[in-house]
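Peer 1: Before I ask anything, here is the structure I am working with.
The values are calculated or read from the model by the stated rules, or taken from the named source; none is laboratory data. Source: prediction; values computed, not measured. Note: ideal-geometry Cβ built from the backbone for every residue, glycine included; neighbour counts use all protein chains shown. The area values use the complete protein model at the heavy-atom level, side chains included, leaving out ligands, DNA and RNA. Shrake-Rupley method; radii C 1.70, N 1.55, O 1.52, S 1.80 Å.
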Amino acid sequence: DQSVSLLLSGTGDVLEPDDGLIGIGSGGNYALAAARALVGVDGLDAEAIVRRSMAIAAEICIYTNDNVTIETII
């Protein structure tokens, strides 16, 4: 839901990140690092942070492209 981010690991563990941000997939670490840098920028909402983070990850990781679908929980 909107208040918590959880990650289900391959071994069945349920993990909650300290900062509420999660990155998965081949470019997940790049997107996560970008999101952590952008989360403190004034004027950026969650969707803008995601879009910019994914664009940065796509520029760095050859397995990540810039064709994304963003789903928002309201």
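Peer 1: Projecting each Cα onto the charge dipole of the chain (Lys/Arg +1, Asp/Glu -1 at the beta carbon, about the Cα centre), which of THR64, ILE24, ALA46 comes out farthest on the positive side?
Peer 2: THR64
Peer 1: Rounded to whole Å and ordered largest first, report the semi-axes of the equivalent ellipsoid of the chain derived from its Cα gyration tensor (root of 5λ). Numbers along the way, then the final one.
Peer 2: Numbers: eigenvalues 75, 57, 27 Å².
Working through the eigenvalues yields semi-axes of 19, 17, 12 Å.
Peer 1: Separate question: Net charge near VAL41: determine it from the other residues with C-beta under 14 Å of the C-beta of VAL41, scoring Lys and Arg +1 and Asp and Glu -1.
Peer 2: 0
Peer 1: Using the Cβ atoms and a cut-off under 14 Å, what net charge is assigned to the surroundings of ILE70, where Lys and Arg are +1 and Asp and Glu are -1? Show your work: numbers first, answer last.
Peer 2: Values: positive: ARG51, ARG52; negative: ASP45, GLU47, ASP66, GLU71.
Charge balance near ILE70 sits at -2.
Peer 1: Just add up the charged neighbours of TYR30: K/R +1, D/E -1, any other residue whose Cβ is under 13 Å from the Cβ of TYR30.
Peer 2: 0
Peer 1: With label points built 7 Å along Cα→Cβ from the Cα atoms of ASP42 and LEU21, find their separation and express it in nm.
Peer 2: It is 2.0 nm.
Peer 1: Taking the solvent-accessible surface of protein heavy atoms with a 1.4 Å probe, what is the per residue accessible area of the chain in Å²?
Peer 2: In whole numbers, the chain has 77 Å² accessible per residue.
Peer 1: For the chain, what is the relative contact order in percent, using Cα pairs closer than 8 Å and at least 6 residues apart in sequence? Walk me through the numbers before you get to the answer.
Peer 2: Numbers: 72 pairs, mean separation 19.4, N = 74.
The normalised contact order for the chain reaches 26 percent.
Peer 1: In debye to the nearest 20, how big a dipole does the chain give about its Cα centre with +1 on each Lys and Arg Cβ and -1 on each Asp and Glu Cβ? All intermediate terms of the calculation are to be shown ahead of the outcome.
Peer 2: Working: 3 positive and 11 negative charges, 49 e Å.
Rounded to the nearest 20 debye, it is 240 debye.
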